[in-house]
Amino acid sequence: MSNESIKPVHVVGAGMAGSEAAWQLANAGTPVILHEMRPVRGTDAHQTDGFAELVCSNSFRSDDWENNAVGLLHEEMRRAGSIVMQAAEKAKVPAGGALAVDRDIFSGAVTEALENHPLVTVERGEVDRLPPEDWHSVIIATGPLTSPALSEAVKGLTGSDELAFFDAIAPIIYKDSIDFDICWYQSRYDKPGPGGTGKDYINCPMNKEQYAAFIDALLTGDKTEFKDWEKNTPYFEGCLPIEVMAERGPETLRHGPMKPVGLTNPHNPDVKPYAIVQLRQDNALGTLYNMVGFQTKLRHGEQKRVFQMIPGLEKAEFARLGGLHRNTFINSPRVLDASMRLKADPRLRFAGQITGVEGYVESAAMGLLAGRFAAAEARGAQPVLPPVTSALGALLGHITGGAEAETFQPMNVNFGLFPEIEPPKSPDGKRLRGKEKGRARKQALTARALRDIETWLKGQEMAAAE
């Protein structure tokens, strides 16, 4: 079938999911019309009109595919020709065991690739209603900040109330304003990670008294007030504001983003810090650092006052202060079929964070699948779902039926979504225990996942060639 005889697929939204969906479609020989409302209409979180704009440099998280579910998702996407993973490779910056990127370089690489693809047509402007009937195939990948008009249209079509949660953003600090007589470079346990040295984080130590004063300031600081219609909106547990974590108990942060393990202060090696704040490189030049785990709803003036209490950050200058925005998502287990088509109107397919996956990588992964499913349909074939033993398949299965519709909440990829596997035994035939058993189980899951995803990808290639 020639490209000229294939009707274009409309992709609404050029974020992580929409960009990935468009790339997969175009590389499968399917014409794409990619609709992006920025800069005609902006959002509360975006600052540019580039595709796949990120809020945080470490949005990709761990890149360890043998022992971590999101690292496995990275590897599966690489093998599937993901534009997001290709751009991340070009834009990566040191971050220990994580995959972090320079956000501007990353977005620029995705934008350039799509704008230069011969089968992609970019249309700037808001889609403020349900797509017209002559758009025979549509992927809605408008993300958590879907425009109000389109949100209302989708809500009316699904017949269910939209769900929502708040997502918080961490501050970014200029490196040259950090006091290195107090702070030091070190990754936790000296783990180098991709492109790193084992000294990829800046660490700010606290003693017990400093920590107690800091917690008190967090709890009493002036915070953003919610509007009446926002007050019953839940937070996403994986991205809680630091004040909300502090409210759960004075020691909560010491066992979370401020844990002092795996680090030694070279300025005072004989004294173990009571708590440690870590900063992670946010751009390729290494001039900006993100406060790890410091998503916040403190008002801007309070952020400066409270965060400058941290040893080494007394004179910190902020390139960006933290913030809070409202995300929306649909009840996917109730309204979508197995290939993410809307049951009420199968020409519409959803992808990305609007489906209830949490995280940029997960959003892009659902865009990858939506693009492949739509490309198969454009050829007159039925979409073939990825194996449930893979990260792609496990995450898809969760949002399209594995989760309970009544209690559905956003979910990151994790090994709890995978079918169980019997971990291998030790060389002497004995059953493994403790951490050794957990590590062996994860590695067995990832090995199975990559075997099965390779078989699926080869089947996709054969089907496309027929």
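The values are calculated or read from the model by the stated rules, or taken from the named source; none is laboratory data. Everything numeric here is computed off the predicted structure, so don't read it as measured data. We place every Cβ from the backbone using ideal geometry, glycine too, and count neighbours over all the protein chains shown. Note: areas computed on protein heavy atoms with side chains; ligands, DNA, RNA excluded. Shrake-Rupley method; radii C 1.70, N 1.55, O 1.52, S 1.80 Å.
Screening VAL244 against (1) open to solvent by less than 30 Å² (accessible area, probe 1.4 Å); (2) modelled with pLDDT under 90; (3) under 24 Å from ASN68 (Cα atoms); (4) not in a loop (DSSP other than H, G, I, E, B) leaves a single unmet condition, (3). Entry remark, the stretch 390-407: residues being at pLDDT 80 or above, part of a helix (DSSP H, G or I) and open to solvent by 20 Å² or more (accessible area, probe 1.4 Å) number 6 in total.
Among the residues of the stretch 100-113, those that are in contact (Cβ under 8 Å) with a residue 40 or more places away in the chain, in contact with a helix residue (DSSP H, G or I) (Cβ under 6 Å, 6 or more places away or on another chain) and buried (at least 21 other Cβ atoms within 10 Å of the Cβ) comprise VAL101, ASP102, PHE106, VAL110.
When GLY416 is tested against the conditions (1) in contact (Cβ under 8 Å) with a residue 12 or more places away in the chain; (2) open to solvent by 50 Å² or more (accessible area, probe 1.4 Å); (3) small (Gly, Ala, Ser), the lone failure is (1).
Being in contact with a Phe, Trp or Tyr (Cβ under 6 Å, 6 or more places away or on another chain), in contact (Cβ under 8 Å) with a residue 60 or more places away in the chain and open to solvent by 20 Å² or more (accessible area, probe 1.4 Å) narrows it down to one residue among PRO383, PRO410, PRO387; which is it? Steps first, answer last, please.
On the way: PRO383 fails: in contact (Cβ under 8 Å) with a residue 60 or more places away in the chain; PRO410 fails: open to solvent by 20 Å² or more (accessible area, probe 1.4 Å).
So the residue among PRO383, PRO410, PRO387 that is in contact with a Phe, Trp or Tyr (Cβ under 6 Å, 6 or more places away or on another chain), in contact (Cβ under 8 Å) with a residue 60 or more places away in the chain and open to solvent by 20 Å² or more (accessible area, probe 1.4 Å) is PRO387.
On inspection, LYS191 qualifies as under 18 Å from LEU279 (Cα atoms) and at pLDDT 80 or above.
When MET340, MET291, MET366, MET309 are screened for being touching a helix residue (DSSP H, G or I) at 6+ places or on another chain (Cβ under 9 Å), open to solvent by 10 Å² or more (accessible area, probe 1.4 Å) and in contact (Cβ under 8 Å) with a residue 60 or more places away in the chain, only MET309 passes.
Restricting the stretch 125-135 to residues that are open to solvent by 10 Å² or more (accessible area, probe 1.4 Å) and in contact with a strand residue (DSSP E or B) (Cβ under 6 Å, 6 or more places away or on another chain), which is modelled with the lowest pLDDT?
Taking the stretch 125-135 and keeping what is open to solvent by 10 Å² or more (accessible area, probe 1.4 Å), we get 125-130, 132-135.
Still in the list and also in contact with a strand residue (DSSP E or B) (Cβ under 6 Å, 6 or more places away or on another chain): 127, 135.
Numbers: VAL127: 81, TRP135: 94.
Among those residues, the one meeting the criterion is VAL127.
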